[in-house]
Amino acid sequence: MKIAPSLLSCDFSKMGEEIIRMDKSGADWMHLDVMDGHFVPNITFGAPVIKAVRAFTDKPFDVHLMISDPLKYADDFIDAGADIITFHIECDSDIDRTIEKIKSRNVKAGLVIKPNTPADSVFPYLDKIDLVLVMTVEPGFGGQSFMADMLPKVEQIKAECKKRGVDILVEADGGIGADTVEQAARAGVDVCVAGTAVFKAQDSAQAINYLKSF
Ligand code: DX5
Ligand code: ZN
């Protein structure tokens with residue numbers, strides 16, 4: 001299992017140092033949650049902040065856009081140093097055009113589905129994207145409880161990919177920690193986002209290593 005610590009739970013007064021700490025603790029990717037206060041009822045940070053912390057690690061930046069119009073801002077996040085951009089299928093932008101924009105700049109593109117969105121909504125795009133992110137909480141806040149009933153969606157997406165012979169990653173985000181990672185792994189999740197479980201751990205390296213062992 002790959003682990004992507006969510007910087008949403010970091011100490012924002014020293015975000016660069018927090019990234020270094022996660023890098024040294026064994027993080028595979030850095031997960032950056034961008035919220036616009038419109039698509040979700042919370043506001044975090046934008047492209048300038050991501051650009052400012054980009055140099056603190058060589059690990060991939062996995063930018064999760066919880067914004068209404070990802071097509072409008074995709075270039076800004078790519079210029080800021082995103083390696084992977086995931087955006088919500090429930091957003092207002094044209095989905096095909098947004099995927100094409102991201103891919104045209106040699107950045108990996110992924111679609112995110114909220115808890116009420118069915119797995120098959122991403123099926124028309126499976127040949128065009130690099131990953132699917134399945135939300136295991138309602139997007140907007142860290143520290144929520146894991147929704148195990150989202151895992152059948154992971155299985156459905158994995159099965160459809162296998163049937164079509166497409167090789168894409170499935171990522172899960174929300175409420176993942178020592179108690180829930182095993183279920184996620186069994187469902188076929190390739191990458192787990194973890195905020196609270198990693199940042200609030202006494203020993204973040206130990207926490208990450210444990211999650212990676214599944
Ligand atoms: C929620 C974010 C998540 C969140 C995960 O909208 O997308 O990445 O920070 O935090 P935990 O692991 O605390 O649920
Ligand atoms: Zn996220």
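The values are calculated or read from the model by the stated rules, or taken from the named source; none is laboratory data. Quantities reported herein were computed from a predicted structural model and do not represent experimental measurements. Cβ: placed from backbone, ideal geometry, glycine included. Neighbour counts: every protein chain shown. What goes into the accessible areas is simple: the full protein's heavy atoms, side chains included, and nothing from ligands, DNA or RNA. Shrake-Rupley method; radii C 1.70, N 1.55, O 1.52, S 1.80 Å.
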Inset, instruction - Return a yes/no flag: does the range 135-146 have any residue that is modelled with pLDDT of 95 or more and more than 11 Å from ligand 1 (Cβ to nearest atom). - result: no
Inset, instruction - Would you check if Glu171 is farther than 27 Å from Met15 by Cα and modelled with pLDDT of 95 or more? - result: no
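Conditions (1) within 14 Å of ligand 1 (Cβ to nearest atom); (2) part of a helix (DSSP H, G or I); (3) closer than 20 Å to Lys2 by Cβ, marked per residue:
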position	(1), (2), (3)
Lys103	no, yes, no
Lys158	no, yes, yes
Asp167	no, no, yes
Ala172	yes, no, yes
Legend entry - So Lys51, is it away from ligand 2 (no atom under 16 Å from the Cβ), more than 22 Å from Val132 (Cα to Cα) and open to solvent by 60 Å² or more (accessible area, probe 1.4 Å): yes
Legend entry - Residue count, the range 20-37 (criterion: in contact (Cβ under 8 Å) with a residue 12 or more places away in the chain and outside any strand (DSSP E or B)): 10
Inset, instruction - Kindly establish whether Ala148 is open to solvent by less than 50 Å² (accessible area, probe 1.4 Å) and small (Gly, Ala, Ser). - result: yes
Inset, instruction - Evaluate the range 117-125: report whether one residue or more is within 24 Å of Tyr73 (Cα to Cα) and part of a loop (DSSP other than H, G, I, E, B). - result: yes
Inset, instruction - Go through (1) farther than 17 Å from Val191 by Cα; (2) open to solvent by 10 Å² or more (accessible area, probe 1.4 Å) and name the single condition Met1 misses. - result: (1)
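So how many residues does the range 59-91 have that are under 21 Å from Asp120 (Cβ atoms) and either open to solvent by 20 Å² or more (accessible area, probe 1.4 Å) or modelled with pLDDT under 95 (or both)?
Of the residues in that region, 2 qualify.
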Inset, instruction - Could you check Val40 against (1) closer than 23 Å to Arg97 by Cα; (2) away from ligand 1 (no atom under 15 Å from the Cβ); (3) in a loop (DSSP other than H, G, I, E, B) and say which number it fails? - result: (2)
